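For reference, the structure discussed in these notes is given below.
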Amino acid sequence: GLTRQRVCRYPPIRLRFEKEAVKGTTFRGQKSLKMVTHCERASRFEQYYVLEMLAYRIYNQITDYSFRIRPLDIDYHDSERGKTDEDRFGFLIEDDSDVAKRHDLKKLRIPKLRSTMLEPALSSEFALFQYLISNVDWAALSGPDPNECCHNVKLIGKKELEAGDRVYPVPYDFDSSGLVNADYAVPPQGLPINSVTQRLYRGYCSHNATLEDARRKIVALEGDILALVENEPRLTSGSRRKALRFLDRGFATLKDPEDFSEKITAKCRK
């Protein structure tokens, strides 16, 4: 989100709704929603955000502790010049309070946490998904703001956390992933990779006991996940082919016990 604010002519927009105006519509009950835009006019940028939309849908296949999205065709109107641009692709992202509500939980605003506070089974699915799409642009224990965790992760859980209560991480913003491979995407400094297309596992060792179940679950979903890409009409044939090849390589690691042990289990963070 912050990167797009710097580099995009059309940065992400937050839509705000008046209660009476959306009464009886699809958006009833909503106060505001984040809208992801096409960033720039060049066609490759639109492809980036179709791929990012697919990343959300891939994670929807893996777990319901995920943001749902709604694709849009958007007309942009320049009110100063009285000019309307052509239809462009974009999508809306569900509010985190609605994700929490589906699970009888609340969105949390806490400064930082320990990896052992994260729900382990979900955290393994989260980390393997991020590996599959080659995304390292996230932090689930702390963030740039010392008063609020995290980076590209929302936390949900019980309103009043007690000892032993688990926190559920919900990821978002996948435009810096290798699956999208945007021109502007670079790995964070300090990581042993030179490109966002180089996969690096960033899960925590405290969740290794649940890794195997998460691996089996995601491998079993391979056909459904690849079908999302194959059947997405907004992708060009070139984008579709590259995305399928990229995901194939990720699944190859998940399916190979030796590769999985070397590149994932052994690479966990303490």
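The values are calculated or read from the model by the stated rules, or taken from the named source; none is laboratory data. Source: prediction; values computed, not measured. Methodologically, a virtual Cβ is constructed for each residue, glycine included, from the backbone with ideal geometry; neighbour enumeration extends over all protein chains shown.
Residue-by-condition table, conditions (1) closer than 30 Å to ALA266 by Cα; (2) outside any loop (DSSP other than H, G, I, E, B); (3) charged (D, E, K, R):
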| residue | (1), (2), (3) |
| --- | --- |
| GLN189 | yes, no, no |
| VAL196 | yes, no, no |
| SER206 | yes, yes, no |
| LYS217 | yes, yes, yes |
| LEU235 | no, no, no |
| SER239 | no, yes, no |
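Checking the stretch 204-224 against the condition returns no match, with no residue being under 29 Å from ASP87 (Cα atoms) and among the hydrophobic types (A, V, I, L, M, F, W, C). Picking from residues in the stretch 90-121 that are surrounded by fewer than 17 Cβ atoms within 10 Å (Cβ to Cβ) and among the polar types (S, T, N, Q), the one that is farthest from the chain's Cα centre (by Cα) is THR116. If I filter the stretch 145-169 down to residues being touching a Phe, Trp or Tyr at 6+ places or on another chain (Cβ under 6 Å) and among the aliphatic types (A, V, I, L, M), which single residue comes out as surrounded by the most Cβ atoms within 10 Å (Cβ to Cβ)? It comes out as ILE156. For the condition among the basic types (Lys, Arg), closer than 21 Å to MET53 by Cα and at pLDDT 95 or above, LYS217 does not qualify. Scanning the stretch 216-270 for residues that are in contact with a helix residue (DSSP H, G or I) (Cβ under 7 Å, 6 or more places away or on another chain), closer than 19 Å to THR63 by Cβ, without any contact (Cβ under 8 Å) to a residue 60 or more places away in the chain and charged (D, E, K, R) yields one hit, GLU222. For the stretch 4-26, taking the residues that are closer than 21 Å to ALA185 by Cβ and of a type in the set (D, E, K, R), the one that is farthest from the chain's Cα centre (by Cα) is identified as ARG9.
Of all the residues in the stretch 8-25, those that are within 17 Å of GLY90 (Cα to Cα), out of contact with any Ser or Thr (no Cβ under 8 Å at 6 or more places or on another chain) and either hydrophobic (A, V, I, L, M, F, W, C) or modelled with pLDDT of 90 or more (or both) number 0.
When we screen LEU54, LEU72 for residues that are more than 21 Å from VAL136 (Cβ to Cβ), of a type in the set (A, V, I, L, M) and either surrounded by 13 or more Cβ atoms within 10 Å (Cβ to Cβ) or at pLDDT 95 or above (or both), the only hit is LEU72.
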